[in-house]
1. Which of the residues that make up region 111-155 are under 13 Å from the mean Cα position of the chain (by Cα) and assigned to a strand (DSSP E or B)?
2. Yes or no: region 33-52 includes at least one residue that is in contact with a Gly (Cβ under 8 Å, 6 or more places away or on another chain) and surrounded by fewer than 21 Cβ atoms within 10 Å (Cβ to Cβ).
3. Given Lys9, Lys73, Lys82, which one is over 17 Å from Phe108 (Cα atoms), touching a residue at least 12 places away in the same chain (Cβ under 8 Å), surrounded by 15 or more Cβ atoms within 10 Å (Cβ to Cβ) and within 16 Å of the chain's Cα centre (by Cα)?
4. Lys64 - would you say it is on the phi < 0 side of the Ramachandran plot, at pLDDT 95 or above, out of contact with any Lys or Arg (no Cβ under 6 Å at 6 or more places or on another chain) and not hydroxyl-bearing (Ser, Thr, Tyr)?
5. Select from region 72-93 the residues that are assigned to a helix (DSSP H, G or I) and out of contact with any Lys or Arg (no Cβ under 9 Å at 6 or more places or on another chain) and list them in ascending order.
6. Can you list residue pairs whose Cβ atoms sit under 8 Å apart, with the first residue in region 115-128 being in contact (Cβ under 8 Å) with a residue 12 or more places away in the chain and farther than 14 Å from Phe100 by Cα and the second being surrounded by 13 or more Cβ atoms within 10 Å (Cβ to Cβ) and small (Gly, Ala, Ser)? Count only pairs 6 or more apart in sequence or on different chains.
7. Out of all the residues in region 159-184, which are assigned to a loop (DSSP other than H, G, I, E, B) and charged (D, E, K, R)?
8. Note down all Cβ pairs under 6 Å where the first residue falls in region 47-62 and is under 15 Å from Phe100 (Cα atoms), the second is small (Gly, Ala, Ser) and not in a strand (DSSP E or B), and they're at least six residues apart or on different chains.
Amino acid sequence: MNEKYFEIKDTCRIGLIRHLEKVFSALPEIDNPKILDIGCGTGVPTLWIAKNYSGTITAIDTDKDSIEYLKKKINDNNLQDKITALKTSFFDFVSDPDRFDIILAEGFLNVVGFEVAFPKVGDNLKRKGYFVIHDEFKDHEKKLEFIHDNNCKLVYTLFLDENVWWNDYYKQLEFAINTMNREQIRNLFDSDLKEIELYKQDSSAFRSIYYLVEKL
């Protein structure tokens, strides 16, 4: 695990938190909610939620290094009583049915497939619970129909255009990478540099949207 790599990525990622904050502000007040963060990575949103909301969070991801770094941050911030970080796949994750009040998926459905993961998420969500999804904007109308057909109601949406992704993330990340001196550390960012290049080639492909969904 290279902590410097995660530290740089986390610092750049913080710029996007203000959009998640808008979505969470549309949630009703829930007393001591149980929250599940799927595909949490190094937990930038996880820690923000823990510091700003009551309740407890279970954060899961399949990447060992990301989870280990998240555990370090949990300890550093004395949040052991609020956050449990687990290395596991969502499809292997076992919990009581209807356990969670809020489930967050930041990009997870984009990776595994919206129609594949959405029903299983519903199984883990309490009735009148809320699902916060951040996904690519592609197939937007189809996703709205799928949400409705799965006994859920759309409460709120927040569209993020390609300029948001540049101004609040990629610009800072590119600058941080380009100012590094050690080639060994720079090499860790090969995939990120390729992602930035893809953005420059077709920024419209990076449009995304938040869905706030209520389980009926």
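The values are calculated or read from the model by the stated rules, or taken from the named source; none is laboratory data. Note that the structure is a prediction, hence the values are computed from the model and not measured. Ideal geometry is used to build each Cβ from the backbone, glycine not excepted, and the neighbour counts take in all protein chains shown.
1. First, the residues of region 111-155 that are under 13 Å from the mean Cα position of the chain (by Cα): 111, 131-136.
Result: Phe131, Val132, Ile133, His134, Asp135, Glu136.
2. If we filter region 33-52 for residues that are in contact with a Gly (Cβ under 8 Å, 6 or more places away or on another chain), which is where we start, we get 33-35, 37, 39.
Okay, now just the ones that are also surrounded by fewer than 21 Cβ atoms within 10 Å (Cβ to Cβ), so 33-34.
The answer is yes, given that some residue of region 33-52 is in contact with a Gly (Cβ under 8 Å, 6 or more places away or on another chain) and surrounded by fewer than 21 Cβ atoms within 10 Å (Cβ to Cβ).
3. On the way: Lys73 fails: within 16 Å of the chain's Cα centre (by Cα); Lys82 fails: within 16 Å of the chain's Cα centre (by Cα).
On inspection, the qualifying residue turns out to be Lys9.
4. On the way: on the phi < 0 side of the Ramachandran plot: yes; at pLDDT 95 or above: yes; out of contact with any Lys or Arg (no Cβ under 6 Å at 6 or more places or on another chain): no; not hydroxyl-bearing (Ser, Thr, Tyr): yes.
No, not satisfied.
5. Of the residues in region 72-93, the ones assigned to a helix (DSSP H, G or I) are 72-76.
Across region 72-93, the qualifying residues are Lys72, Lys73, Asn75, Asp76.
6. Qualifying pairs under 8 Å: Ala117/Ala105.
7. In the first step, residues of region 159-184 are kept if they are assigned to a loop (DSSP other than H, G, I, E, B); the result is 161, 179-182.
Asp161, Arg182 - these are the residues of region 159-184 that are assigned to a loop (DSSP other than H, G, I, E, B) and charged (D, E, K, R).
8. Short answer, once both residue conditions are applied: Ile57/Ala50; Ala59/Gly43.
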